[in-house]
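The values are calculated or read from the model by the stated rules, or taken from the named source; none is laboratory data. This one's a predicted model, so the numbers in the text were calculated from it and none came from an experiment. A quick note on method: Cβ atoms are made from the backbone with ideal geometry, for glycine too, and the neighbour counts reach across all protein chains shown.
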Amino acid sequence: MAGKVDGWDWRFSNPHGKFWIVNLKAGATSHADVPVAWDVDWKAGKPPSIVIHFEREADGRAALTRDSLLIGLARKDIVRGEVRARVLQGVYVVRPIRESSAPPRGNAKITIEAEVVERKTA
């Protein structure tokens, strides 16, 4: 699945198994293996927050050490028990806060909570 949002050309990929990753490109700028977070994990507030699930624990732990992280936000559709995403709704810069106290879902090894900093346009 591919498309365009916020000036970015995007393409979903799945290099590690069942978790969603998106590759972004705008002109000479590109970002590979950007984690996808789900609209159902978005929490309204000032600022809004989001929960991000990582299949590989090392990726989640590395995200926690960063000042900011780029994510794609997608609508989560469940069809016949499978998670599907048809549309990337936006690209955001988030600030990782902590490992989530909620147990990871599905095949996730680690779940982190992040504060939404801004919507990122190309």
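Details
- Cβ separations smaller than 7 Å between residues 6+ apart or across chains give the following pairs from the stretch 60-79 residues that are closer than 15 Å to residue 117 by Cα to residues that are surrounded by fewer than 20 Cβ atoms within 10 Å (Cβ to Cβ) and among the polar types (S, T, N, Q): 73/89.
- Of residues in the stretch 76-104 being touching a strand residue (DSSP E or B) at 6+ places or on another chain (Cβ under 6 Å) and not in a strand (DSSP E or B), the one modelled with the highest pLDDT: 100
- Some residue of the stretch 56-69 being in a strand (DSSP E or B), at pLDDT below 90 and more than 20 Å from residue 121 (Cβ to Cβ): no
- Taking the criterion of being part of a strand (DSSP E or B), at pLDDT 85 or above and within 22 Å of residue 115 (Cβ to Cβ), the residues of the stretch 1-40 that qualify are 5, 8, 22, 24, 31, 33, 34, 35, 36, 37, 38.
- Residue check, residue 73 under 20 Å from residue 106 (Cα atoms), modelled with pLDDT of 85 or more, within 14 Å of the chain's Cα centre (by Cα) and assigned to a strand (DSSP E or B): yes
- Restricting 109, 43 to residues that are at pLDDT below 90, over 19 Å from residue 10 (Cβ atoms) and not hydroxyl-bearing (Ser, Thr, Tyr) narrows the list to 109.
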